[in-house]
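First comes the structure, then the notes that go with it.
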């Protein structure tokens, strides 16, 4: 069964403890659900899939759907593959519709880093006394056996940079480019139709006009004097949500006035070295394209979640002639990274990038903690 993206929206991405800091993620996620349904005069969908990585637990997607006022008979499921959660939700929604089980689905993710709870291991758990604070409390879950560190993702990025011989200059250059592209997109209002204001929060606050090569050079390494990863070439954590409305070809036959933006051709999930998780984006994308018999040159637009600039460098080294198709509007180094929502943010940006390119095939890919990756392949509708 063919699967289409009818629409995709996101909230503004707000820095931690800024404009969205007192709003629960299920509340601003609900704002997008209502907006998608109202835009397309839809009162019922077959299911809702919402990614979330560091929320308060429970089935937040269900709580979000009820908060949105959607009919209580609509099932909802929360997906947690950490940074790849929203992309995993999109993949699951695609699979449900492609299999014929559903005809409609809202999939994406929501995250509030500002409201991330401090959790505690049971005193019976051996990790209770091994946490950074020594009292069993932690913010970040354990991602791989043998590594209990709240800096695991940062350490993974540093490992990849060192093993690949990536220089600080290469990383900083990509950070600067990401901000410049994002600022240009902001100035041209390229995402205006896809960003839904929430209360007084109407604009992304990540892209910074003050960013410069000199400023990036002054930032100290985060993991010791010989490190190359800094706050400047790593993403900032953000609050925000992004969701897409997916429909089947069968649904479109009964709604001839609907105009889908793109067809989802395929999706993939892939594991990689858990100690080098930034590799997950490229490895999963390579796997998906290989399975589909496509080359990178077949793509008109490419979106990777640049949680760390080393992800960009790996792409550039493999495909130096395609960097003009890659993260055209800037990436997470500028906009920031609302963990469980970022995969769907990529979808919103990919659709706009494909518009700029005049259509064609596009791919999004995102690495997740613990050595995970999710990728989605699209083609615009003619």
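The values are calculated or read from the model by the stated rules, or taken from the named source; none is laboratory data. Remember, it's a predicted structure, so these values are computed and weren't measured experimentally. Using ideal geometry, Cβ is built from the backbone for each residue, glycine included, and neighbour counts are taken over all protein chains shown.
A count restricted to the range 132-148 and to residues that are assigned to a loop (DSSP other than H, G, I, E, B) and farther than 14 Å from residue 121 by Cα stands at 3. Would you mind stating whether residue 63 is at pLDDT 95 or above, out of contact with any strand residue (DSSP E or B) (no Cβ under 6 Å at 6 or more places or on another chain), closer than 27 Å to residue 114 by Cα and in a loop (DSSP other than H, G, I, E, B)? When the stated conditions are applied, residue 63 does not pass them. Checking 365, 353, 342 one by one, the residue that is under 20 Å from residue 152 (Cβ atoms), modelled with pLDDT of 95 or more and touching a strand residue (DSSP E or B) at 6+ places or on another chain (Cβ under 8 Å) is 342 and no other.
For the range 91-105, indicate whether the set of residues that are farther than 21 Å from residue 252 by Cβ and either part of a loop (DSSP other than H, G, I, E, B) or in contact (Cβ under 8 Å) with a residue 40 or more places away in the chain (or both) is non-empty. No, there is no match, as no residue in the range 91-105 is farther than 21 Å from residue 252 by Cβ and either part of a loop (DSSP other than H, G, I, E, B) or in contact (Cβ under 8 Å) with a residue 40 or more places away in the chain (or both).
When 181, 127 are checked against the criterion of being in contact (Cβ under 8 Å) with a residue 12 or more places away in the chain, part of a helix (DSSP H, G or I) and surrounded by 18 or more Cβ atoms within 10 Å (Cβ to Cβ), 181 stands alone in meeting it.
Hey, could you check the range 37-53 for residues that are surrounded by fewer than 23 Cβ atoms within 10 Å (Cβ to Cβ), touching a helix residue (DSSP H, G or I) at 6+ places or on another chain (Cβ under 8 Å) and over 17 Å from residue 9 (Cβ atoms) and say which is modelled with the lowest pLDDT? Applying the filter and picking the extreme gives 43. Could you check how many residues of the range 158-172 are without any contact (Cβ under 8 Å) to a residue 40 or more places away in the chain and either touching a helix residue (DSSP H, G or I) at 6+ places or on another chain (Cβ under 9 Å) or part of a helix (DSSP H, G or I) (or both)? Counting residues in the range 158-172 that are without any contact (Cβ under 8 Å) to a residue 40 or more places away in the chain and either touching a helix residue (DSSP H, G or I) at 6+ places or on another chain (Cβ under 9 Å) or part of a helix (DSSP H, G or I) (or both) gives 1.
For the range 253-269, which positions are surrounded by fewer than 19 Cβ atoms within 10 Å (Cβ to Cβ) and assigned to a strand (DSSP E or B)? Answer for the range 253-269, where residues must be surrounded by fewer than 19 Cβ atoms within 10 Å (Cβ to Cβ) and assigned to a strand (DSSP E or B): 263, 265, 266. If the condition is being assigned to a loop (DSSP other than H, G, I, E, B) and either out of contact with any strand residue (DSSP E or B) (no Cβ under 8 Å at 6 or more places or on another chain) or under 29 Å from residue 114 (Cα atoms) (or both), then the range 37-56 contributes 41, 43, 47, 52, 53, 54, 55, 56. Filtering the range 224-252 to residues that are in a loop (DSSP other than H, G, I, E, B), modelled with pLDDT of 95 or more and more than 25 Å from residue 340 (Cα to Cα) leaves only 228. In this structure, residue 15 does not qualify as surrounded by 15 or more Cβ atoms within 10 Å (Cβ to Cβ), within 19 Å of residue 376 (Cα to Cα) and in contact (Cβ under 8 Å) with a residue 60 or more places away in the chain. Among the criteria (1) closer than 24 Å to residue 316 by Cα; (2) without any contact (Cβ under 8 Å) to a residue 24 or more places away in the chain, the one residue 193 does not fulfil is (1).
Among the residues of the range 187-210, the ones that are assigned to a helix (DSSP H, G or I), out of contact with any helix residue (DSSP H, G or I) (no Cβ under 9 Å at 6 or more places or on another chain) and surrounded by 12 or more Cβ atoms within 10 Å (Cβ to Cβ) come to 0 in all. Note on the range 275-382: enclosed helices (runs of 4 or more DSSP H) holding 2 or more residues that are surrounded by fewer than 24 Cβ atoms within 10 Å (Cβ to Cβ) and over 15 Å from the mean Cα position of the chain (by Cα) are 280-292, 309-318, 342-357. Which residues, counting only those in the range 165-176, are over 19 Å from the mean Cα position of the chain (by Cα) and surrounded by 15 or more Cβ atoms within 10 Å (Cβ to Cβ)? Those that are over 19 Å from the mean Cα position of the chain (by Cα) and surrounded by 15 or more Cβ atoms within 10 Å (Cβ to Cβ): 166, 168, 170, 171, 172, 173, 176.
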